[in-house]
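Worksheet: the structure to be examined is printed underneath.
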Amino acid sequence: MTVNKFFAGTVMALVLVLSTMGFGSADTLLAKADGSWSGSGWFRNGIDTPKEAARCRYKNQVSSSGDKLTISGKCTAAGRTFKTTGTIDFSGSGGRFTGGWSNPRGPGTISLVGQQSGSKITFTFRAREETTSQYLAHRSIWTISSSKLRLVGSVKNPDTGKYSDLSVMEFSR
């Protein structure tokens, strides 16, 4: 698991959780998602590797129709900086989200699907493991409470079939 894959997962999850804050609802929470967010926490490059500290900053923009969120930002860890961009669309039925995120390791886009349940959103995507070239299942669970966001990013271990945490990030305005 590379550092860049961690950042891709973190950013994709941030886009999803921010987009769930008001799409399709009668309130104006989505409008509150516009603006700047920053966060810190830890990540691992792999299931059995040590934790590393990380910081991220993002700028969000909600479309005038309120059904699309665009985000751009950067993350830093151990002197490395990664820029990321992406968009998320709300389907309007059942709290479902789809989108794509730029791959910070190089060309290409990672597709993702999310599902909202109350104050949480769980999204899934598949990403290629650089060391083995194997595609692995990833899951990110976000919890939303007022002006804070919490992300737990995990990868499904192909040997055990269980998810192992690769990152925990806390975001605020």
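The values are calculated or read from the model by the stated rules, or taken from the named source; none is laboratory data. Everything quoted here is computed from the prediction, not taken from an experiment. Counting neighbours? That spans all protein chains shown, and the Cβs are built from the backbone with ideal geometry, glycine included. Only protein heavy atoms, including side chains, enter the accessible area calculation; ligands, DNA and RNA are left aside. Shrake-Rupley method; radii C 1.70, N 1.55, O 1.52, S 1.80 Å.
Structure data summary
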{"quantity": "Neighbours by Cβ (under 6 Å, 6+ apart or cross-chain): first from the stretch 117-130, at negative phi and surrounded by fewer than 14 Cβ atoms within 10 Å (Cβ to Cβ); second modelled with pLDDT under 80 and outside any strand (DSSP E or B)", "calculated": "Glu130/Thr2"}
{"quantity": "Verdict on Asp27 being more than 18 Å from Val113 (Cβ to Cβ), at pLDDT below 50 and not polar (S, T, N, Q)", "calculated": "yes"}
{"quantity": "Among the candidates Gly39, Gly114, residue that is at pLDDT 85 or above, open to solvent by less than 60 Å² (accessible area, probe 1.4 Å) and in contact with a Phe, Trp or Tyr (Cβ under 8 Å, 6 or more places away or on another chain)", "calculated": "Gly39"}
{"quantity": "Flag for Ala137 being closer than 22 Å to Asp48 by Cβ, surrounded by 15 or more Cβ atoms within 10 Å (Cβ to Cβ) and at pLDDT below 85", "calculated": "no"}
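Rundown of residues vs (1) closer than 26 Å to Gly35 by Cβ; (2) modelled with pLDDT under 85; (3) touching a Phe, Trp or Tyr at 6+ places or on another chain (Cβ under 8 Å); (4) surrounded by 14 or more Cβ atoms within 10 Å (Cβ to Cβ), yes/no style:
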residue	(1), (2), (3), (4)
Asp48	no, yes, no, no
Ser65	yes, yes, no, no
Lys68	yes, yes, yes, yes
Ile88	yes, yes, yes, yes
Asn103	yes, yes, no, yes
Gly106	no, yes, no, no
Lys156	no, no, yes, yes
Thr160	no, no, no, no
Ser164	no, no, no, yes
